[in-house]
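These notes are about the structure you will find just below.
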Amino acid sequence: MEKREGEGEGEEEQVVNPWTVSAKGGGKIDYDKLIDQFGCQRIDQSLVDRIHRLTSRSPHVFLRRGVFFAHRDLNEILDAYERGEKFYLYTGRGPSSEALHLGHLIPFMFTKYLQEAFKVPLVIQLTDDEKCMWKNLTVEESQRLARENAKDIIACGFDVTRTFIFSDFDYVGGAFYKNMVKVGKCVTYNKVVGIFGFTGEDHIGKVSFPPVQAVPSFPSSFPHLFGGQDNLRCLIPCAIDQDPYFRMTRDVAPRIGYQKPALIESSFFPAMQGETGKMSASDPNSAIYVTDSAKEIKNKINRYAFSGGQDSIEKHRELGANLEVDIPFKYLSFFLDDDAKLEEIRKEYGAGRMLTGEVKQLLIQVLTGLVERHVGLGLL
C-alpha cells in the first residue's frame, strides 16, 4: 500500500523536500531510508531489462547505473505501453539561476532518452512563479530567468514536434486553472503543512502553489495537446526531492477522476566539494555550468573537485583511492558512457595504480565535450 502523505515525516534524521536537502551531520543522503520514508519503490534489474526489451534500446547510463533509482507505478506505465496505449512525459525546472549546471541537466538528459525510446509527447513546466515566491525574485526577474533557462533546456535536443515548454506566468489559466482549483479543494491546510512543512510564517503564496505543479500530471490541463484524451497516463522523471508534490497529486487524482501520475526518480548530483546532498546554484564553484568555458571547467575540477586519493603518491600506491568520497570518479559514473572504461578506472584508481590527476584529466575531457556539444546544439 502506498504510504500516505506526511507519514513519519519530521521523525527522520534527514530532510528532503523541494527546498531543503540535508542529512544528519552534513553527511550523505540515505536513499534506502528515503524510499522507506516516501513509500516509493526501488528500480531493480528486472525493470531495467523490461525497458530494454520494450524499447529495443540500450538502457540509458543513468538507468543502468542507478542514478534513476526509485519509481512509483512505472510497471503500470509499461503495462499500458505494452498494450499499445500511449502516455506522455512531464518534467520541469524552477528557474533561479542564469544557466543550468550539470545537476540540472540530469532529468532533462534522461527525459530526452525516454522521449526518443518511447516516442511520446513531453510537457516541460518552468515554475517561474514558484521561484518568485521562494527566492524573493521580482516577477520580471523570474520571467527573465525562465527564458534563459528555456534556452539551455531546448539545447538538450528534444523532439520539437512532440515537446511543449511553458512558463506558469504565461500559461496558467483556462483548463489548467480549473484543474488547479479541483486539486486545491481536495487538500486541507493541515495536509499541505504535513507534506511540505509550511509554518505560520510562510506567506499564502507558498501554501497555494502545490496545485500549480500538480496539474501538468493531468492531460486535460493541455486541451490543445491532448483534447479528448483525459485518461492518458503521465510519467514524471524528476529528482526525488520533488516527490512530495506528486504524493499529494497521486492522492488527489482518483478523487477528481484522473489517473495517478507515475514517477521515475533520481538521486542527487553531488557538489564539487563532496557528496553531502545536491549542488547549489548559489555557489558557482560547487558546480559545472553549461556556460562554463573549457578553461573554467579545467580550473574548477582541478581546484575544487574533492579527491578520495591519498595524501602522498606512496600512500596512494599502497592504499588506493576511496571511491566512496571521490568526486571525479562519481562524476565519471554519471557521464562516462563506456561501462568497460569506468570499471577499469574503478579497479585501477581504487587499487592505487591510477592517480587522482589522471582521473581528473579524463573527467575534464568528458565534461568539456559534453558542455561543448550542449552549447553547439543551443546555437543551431
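Of note:
- Residues that are assigned to a loop (DSSP other than H, G, I, E, B) and in contact with a strand residue (DSSP E or B) (Cβ under 8 Å, 6 or more places away or on another chain), drawn from the stretch 160-179: ARG162
- Any hit, the stretch 182-189, residues being among the hydroxyl-bearing types (Ser, Thr, Tyr), without any contact (Cβ under 8 Å) to a residue 60 or more places away in the chain and in the same structural domain as PRO244 (by TED's automatic domain parsing): yes
Residue-wise test of (1) surrounded by fewer than 20 Cβ atoms within 10 Å (Cβ to Cβ); (2) touching an Asp or Glu at 6+ places or on another chain (Cβ under 6 Å); (3) outside the structural domain of ILE240 (by TED's automatic domain parsing); (4) closer than 20 Å to PRO261 by Cβ.
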position	(1), (2), (3), (4)
ILE35	yes, no, no, yes
GLY39	yes, yes, no, yes
ILE43	yes, no, no, yes
SER46	yes, no, no, no
ARG53	yes, no, no, no
HIS60	no, no, no, no
ALA70	no, yes, no, yes
ASP73	no, no, no, yes
GLU76	yes, no, no, yes
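- For the residues ASN190, ASN179, the requirement of being crowded, with 20+ Cβ neighbours inside 10 Å and within 21 Å of ALA214 (Cα to Cα) singles out ASN179.
- The single condition among (1) farther than 20 Å from PRO121 by Cα; (2) among the small types (Gly, Ala, Ser); (3) touching a His at 6+ places or on another chain (Cβ under 9 Å) that ALA155 does not satisfy is (1).
- For THR111, the test of being under 28 Å from THR291 (Cβ atoms), hydroxyl-bearing (Ser, Thr, Tyr), surrounded by 22 or more Cβ atoms within 10 Å (Cβ to Cβ) and in the same structural domain as CYS238 (by TED's automatic domain parsing) is passed.
- Those helices (runs of 4 or more DSSP H) of the stretch 37-108 in which 2 or more residues are among the hydrophobic types (A, V, I, L, M, F, W, C) and under 28 Å from THR127 (Cβ atoms) occupy 61-64, 74-82.
- Residues of the stretch 1-36 that are at pLDDT below 90 and outside any loop (DSSP other than H, G, I, E, B): VAL15, VAL16, VAL21, SER22, LYS24, GLY25, GLY26.
- Among the conditions (1) surrounded by fewer than 21 Cβ atoms within 10 Å (Cβ to Cβ); (2) under 25 Å from the mean Cα position of the chain (by Cα), the only one that ASP168 does not satisfy is (1).
- Of residues in the stretch 148-165 being polar (S, T, N, Q) and either crowded, with 18+ Cβ neighbours inside 10 Å or touching a Phe, Trp or Tyr at 6+ places or on another chain (Cβ under 8 Å) (or both), the one nearest to TYR113 (Cα to Cα): THR163
- Members of the stretch 134-147 found to be modelled with pLDDT of 95 or more and either surrounded by 15 or more Cβ atoms within 10 Å (Cβ to Cβ) or within 19 Å of the chain's Cα centre (by Cα) (or both), listed by number: GLU141, SER142, GLN143, ARG144, LEU145, ALA146
- Failed item in (1) buried (at least 17 other Cβ atoms within 10 Å of the Cβ); (2) out of contact with any strand residue (DSSP E or B) (no Cβ under 9 Å at 6 or more places or on another chain), with ARG83 passing the rest: (1)
- Condition broken by PHE198, with the remaining ones in (1) in a loop (DSSP other than H, G, I, E, B); (2) more than 28 Å from PHE268 (Cβ to Cβ); (3) among the aromatic types (Phe, Trp, Tyr) satisfied: (2)
- ARG233 fulfils the conditions (1) closer than 28 Å to VAL48 by Cα; (2) out of contact with any helix residue (DSSP H, G or I) (no Cβ under 7 Å at 6 or more places or on another chain); (3) among the basic types (Lys, Arg) except for a single criterion, (2).
- The residues of the stretch 303-348 that are in a helix (DSSP H, G or I), surrounded by 15 or more Cβ atoms within 10 Å (Cβ to Cβ) and of a type outside the set (Ser, Thr, Tyr), listed by number, are HIS316, ILE327, PRO328, PHE329, LYS330, LEU332, PHE334, PHE335, LEU342, ILE345, ARG346, GLU348.
- Some residue of the stretch 301-321 being polar (S, T, N, Q), more than 17 Å from GLN273 (Cβ to Cβ) and at pLDDT 95 or above: no
The values are calculated or read from the model by the stated rules, or taken from the named source; none is laboratory data. On a predicted model such as this, the values are computed, not experimentally measured, just so you know. Neighbour counts are summed over all protein chains in view; Cβ atoms, including those assigned to glycine, are modelled from backbone coordinates with ideal geometry.
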